[in-house]
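Scroll down for the structure; my scribbles are underneath it.
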Amino acid sequence: MGKRISVWLLMAWLLTACASSSKEQNETLGLTLFKAWHDDHQVSYITTDVSDADMAKAMGANYAPRLRDAIPRYPKPPQVKTVLERVYGFPNKEQQNVFASAPSPLGYQSTDRHYSPLWLMYWVVWQDPAQAYELTSEEAVLAAEEAGLLTIQRSNIVVNCPVLPFEPSH
């Protein structure tokens, strides 16, 4: 009986080891806050890790080449699920990225089973930049591709960009 209580006490202590005590001073750190589109709504996110050194440097993130290990072999059958989601990036900077998923609702009560903070970068390039317009959902990106207005190219860049579980105040 005493051993069982000791194990429970040890587990309780381990579970609270990362929690902040009210006597401690929490630190605020500066991270760049980015905006992206998902289903016609903007979401806020941060970038912490990137599998490409140049992109990591440009985004002020950690270079994490092992993130590439998450990329499945292609062609990937549709029924094969991975931890990666698609993010549509615009290398010519016409607009903000478009995420294929996001927590819904934001935070711990999300019911979106597709969301993952690990993204495989897909580059979107307009055929005629003069015809570019803002795309605010994955469906809009795919429709523009189907209409021949743009091309989408899968990269081998994986980024860790968690969507914030709240809308930041301005």
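Here are some notes:
- Applying the set (1) under 14 Å from the mean Cα position of the chain (by Cα); (2) under 22 Å from Lys81 (Cα atoms); (3) not aliphatic (A, V, I, L, M) to Pro165 leaves exactly one unmet item: (2).
- Residue within the stretch 16-35 that is at pLDDT 75 or above and either in a strand (DSSP E or B) or among the charged types (D, E, K, R) (or both) present: yes
- Residue among Pro77, Pro65 that alone is under 23 Å from Thr32 (Cβ atoms) and open to solvent by 40 Å² or more (accessible area, probe 1.4 Å): Pro65
- Look at (1) under 13 Å from the mean Cα position of the chain (by Cα); (2) of a type in the set (Val, Ile, Thr); (3) surrounded by fewer than 17 Cβ atoms within 10 Å (Cβ to Cβ) and you find that Val98 fails only one, number (3).
The values are calculated or read from the model by the stated rules, or taken from the named source; none is laboratory data. The structure presented is a predicted model; accordingly, all values stated were derived computationally and were not measured. Heads up, the Cβs are rebuilt from the backbone with ideal geometry, glycines too, and the neighbour counts pull from every protein chain shown. For the accessible areas, the whole protein counts, side chains as well, though only heavy atoms, and no ligand, DNA or RNA atoms are used. Shrake-Rupley method; radii C 1.70, N 1.55, O 1.52, S 1.80 Å.
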